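One structure is given here, and the rest of the page talks about it.
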There are 2 protein chains.
Amino acid sequence: MDVDKKDSIASDSSDQVVNPWEVSAKDGGKIDYDKLIDQFGCQRLDASLIDRVQRLTSRQPHVFLRRGVFFAHRDFNEVLDAYERGDKFYLYTGRGPSSEALHLGHLIPFMFTKYLQEAFKVPLVIQLTDDEKCMWKNLSVEESQRLARENAKDIIACGFDVTKTFIFSDFDYVGGAFYKNMVKVAKCVTLNKAMGIFGFSGEDHIGKLSFPPVQACLSVPAVPSFPSSFPHLFPGKDKLRCLIPCAIDQDPYFRMTRDVAPRLGYSKPALIESSFFPALQASGENGKMSASDPNSAIYVTDTAKEIKNKINRYAFSGGQDSIEKHREIGANLEVDIPVKYLSFFLDDDTELEHIKKEYGEGRMLTGEVKKRLTEVLTEMVERHRMARAAVTDEMVDAFMAVRPLPSMFE
Amino acid sequence: MDVDKKDSIASDSSDQVVNPWEVSAKDGGKIDYDKLIDQFGCQRLDASLIDRVQRLTSRQPHVFLRRGVFFAHRDFNEVLDAYERGDKFYLYTGRGPSSEALHLGHLIPFMFTKYLQEAFKVPLVIQLTDDEKCMWKNLSVEESQRLARENAKDIIACGFDVTKTFIFSDFDYVGGAFYKNMVKVAKCVTLNKAMGIFGFSGEDHIGKLSFPPVQACLSVPAVPSFPSSFPHLFPGKDKLRCLIPCAIDQDPYFRMTRDVAPRLGYSKPALIESSFFPALQASGENGKMSASDPNSAIYVTDTAKEIKNKINRYAFSGGQDSIEKHREIGANLEVDIPVKYLSFFLDDDTELEHIKKEYGEGRMLTGEVKKRLTEVLTEMVERHRMARAAVTDEMVDAFMAVRPLPSMFE
């Protein structure tokens, strides 16, 4: 069975729904990621693959690999096979610039992509889908473009290497080779197929359907997944492979892209996929953070005081109702958000294990764990704030300039 | 009643069907153009308007105006009002480059547009929709682009002024300001509306629906109708009006454009619309020429001998079966193709009237009329062939260069 060609592209099993627009678990419980791997037909990112990454890059795997945040993949092993033979690849990720302030969940793919870029020493393209946000979010063209540049500053603040990174906004970059690939992708996809995958109705803007070839719908991924879309970066390298780090809800996009790729003479892009970063109030890990509720997430613009307050007031605790009961049976780590957040952002494996043991066995209290999380996030947000403040308009221009990358394949 | 906002955008009255994909009259008879004006809600291009054109341009109106080939309009009078006050406008026409060889019907809008450009001394944009043809006609990107350039040579051979004319292909030019207007147009049109107008089904390529914002479907007209789509031509002139010469089957496109225009802050484009150029075999003027039947049309690549043969063998005659009967009752000019063709291309009004009188009253025979038509078309085609042979690749590059136009508003 070709795992990419399942009839139901989006997971619409009655148990859980995971697609770019909806993430919901059975009865409001946890997402079953093992089941999702089966539903989607992707592969588990297992320990042997992580060991292989460590060996090939001669560095400790990123915390998101060690802790299973990135837990699934498609053809990542093939990309590593090629890499081992001396064939480089390029990375592709992106963001829809619908708001000014990013929260921690938004940073995860960029933090991980920065690690991949450094570890594998490969070029990276970052797409800002301002056209899609203009279409779907009822933003003006100008406001979408402004948000794209503001978001680019946050992305650059993650520490990307300007000699290996091309950031582009669709409104700036669509045209030429990129537009030709849009048309080629569009020719491969019937309207019925698109409507089935993405659940459009006839009352939707025609622009929603016009966007697949750009990216909003089907081909957010499709076009930048093909090296010929970037003639200034990859001239004559049409067979160069692309690796896409993303959250697993984006998988339906890329199944479509992988279906189309060989028909256009390109390699299928490989994927490395993460679980979801939970909302502060989440009892478990179901759901994505809600942009409409600022208390559901820590933003990179939050002050130390706001971070402390949010964690203390809103972070769902797995601790017991009374100290006595907590000392007796310990915290339920499965639903505890402070522990969950620490497992994303506390780099020290030993300390994390210590906290989980002490907290899980009732010797550590929720307040103490929240205090540690507050320290970790405050430091991380403060570091981001300082890095972002140092990003000038000239730096944004430099990352977004259409140019060859000098040290692309070192 | 706002004449632009009829519920049925394409004319689907049971009498006759006229839209960009189908032209058919009741019972295979003639298109009733008076009825079409009512159905579409456009205006008649009457004698007083033609007189006004003559006065404003200080030259005899083009034969296509004098003979009623261009017979309908939308807001042409308003464009003339503004022109009289000293406000210029720009012209916009185009072609879908689906084949190498153009026939005489293809030349009509370009011949007329050249006259308008000369008479009003205004800039002109010509869109070659190679992206649309790539999508719909199953041509490769490369072949569509090659055909676009070949067609550009035929268009240039019509005598356009390079200092006032910008020819562009979508694959070359889509991007930037043009792409932003594509997204703005797409936001204004629901999928249901588009499907209703253009009769799409769910099995169509998603690209067909993705194309409205480009142009193939809805916005072939929409985007070039807005001056901001050409920042190198019309900087700061967002209120500049656009006049579009086209055949009346394109009207549904432009009704949609006119509906969208004010919502985006632009003027509605004005239209000046022609009847159809009939096929050689047509008994009347219903139908368009068929690209699949080379004998249904005279091509600009036909030799003198081919022209003569086609006219003699295929041109539908209104003459009588026997000379005796013909001498007695004369030709039926209403269905006679040679007379119809002469009324398009024989510039001399006096001679045309003479032929119609002599032929209609039986003193002139079909063979004589066909001989005169052969002379007229042979000369016209030969003139075109020589002009086209003189068009170099450098000239194509010059017309297609993205540049300001030096003598744009003289």
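The values are calculated or read from the model by the stated rules, or taken from the named source; none is laboratory data. Small disclaimer: the values here were computed from a predicted structure and weren't measured. Neighbour counts run over all protein chains shown; Cβ positions are idealised from the backbone, glycine included. Note: accessible area is taken over every heavy atom of the protein model, side chains too, but ligands, DNA and RNA are not part of it. Shrake-Rupley method; radii C 1.70, N 1.55, O 1.52, S 1.80 Å.
The single condition from (1) free of Cβ contacts under 8 Å to residues at least 24 places away in the same chain; (2) under 26 Å from the mean Cα position of the chain (by Cα) that A:E394 fails is (2).
Scanning the stretch B:175-191 for residues that are in contact (Cβ under 8 Å) with a residue 60 or more places away in the chain, within 8 Å of chain A (Cβ to nearest Cβ) and open to solvent by 10 Å² or more (accessible area, probe 1.4 Å) gives a single hit, B:K184. Within the option set B:A282, B:A270, being at pLDDT 95 or above and among the aliphatic types (A, V, I, L, M) holds for one residue only, B:A270. Looking only at the stretch B:222-248, count how many residues are assigned to a helix (DSSP H, G or I) and buried (at least 23 other Cβ atoms within 10 Å of the Cβ). The number of residues fulfilling the criteria is 6.
Would you call A:E334 modelled with pLDDT under 95, open to solvent by 40 Å² or more (accessible area, probe 1.4 Å) and of a type in the set (D, E)? For A:E334, the condition - modelled with pLDDT under 95, open to solvent by 40 Å² or more (accessible area, probe 1.4 Å) and of a type in the set (D, E) - is met. Checking the structure you have, find out if any residue of the stretch A:93-111 is open to solvent by less than 10 Å² (accessible area, probe 1.4 Å), assigned to a helix (DSSP H, G or I), modelled with pLDDT of 95 or more and over 21 Å from A:F160 (Cα atoms). No, the stretch A:93-111 contains no residue that is open to solvent by less than 10 Å² (accessible area, probe 1.4 Å), assigned to a helix (DSSP H, G or I), modelled with pLDDT of 95 or more and over 21 Å from A:F160 (Cα atoms).
Looking at the structure I just gave you, is A:K308 part of a helix (DSSP H, G or I) and surrounded by fewer than 20 Cβ atoms within 10 Å (Cβ to Cβ)? The answer is yes for A:K308. Just to check your reading of the model, which residue among A:F316, A:F344 is assigned to a loop (DSSP other than H, G, I, E, B), of a type outside the set (D, E, K, R) and touching a residue at least 12 places away in the same chain (Cβ under 8 Å)? Selected residue: A:F316, the only one of A:F316, A:F344 that is assigned to a loop (DSSP other than H, G, I, E, B), of a type outside the set (D, E, K, R) and touching a residue at least 12 places away in the same chain (Cβ under 8 Å). Do we find that B:D154 is within 15 Å of B:G94 (Cβ to Cβ), charged (D, E, K, R) and modelled with pLDDT of 90 or more in this structure? So B:D154 fits the description; yes.
When each of B:D172, B:D204 is tested for being at pLDDT 90 or above, surrounded by fewer than 24 Cβ atoms within 10 Å (Cβ to Cβ) and at the interface with chain A (Cβ under 9 Å from one of its Cβ atoms), the lone residue that passes is B:D172.
The number of residues in the stretch A:347-370 being touching a Lys or Arg at 6+ places or on another chain (Cβ under 9 Å) and part of a helix (DSSP H, G or I) comes to 6. Test of understanding: among B:T350, B:T392, which residue is polar (S, T, N, Q), at pLDDT 95 or above and open to solvent by less than 70 Å² (accessible area, probe 1.4 Å)? Of the residues listed, the single one that is polar (S, T, N, Q), at pLDDT 95 or above and open to solvent by less than 70 Å² (accessible area, probe 1.4 Å) is B:T392.
For the stretch A:130-168: of the residues being surrounded by fewer than 23 Cβ atoms within 10 Å (Cβ to Cβ), small (G, A, S) and under 19 Å from the mean Cα position of the chain (by Cα), which is nearest to the other protein chains (Cβ to nearest Cβ)? Looking at residues that are surrounded by fewer than 23 Cβ atoms within 10 Å (Cβ to Cβ), small (G, A, S) and under 19 Å from the mean Cα position of the chain (by Cα), I get A:A157.
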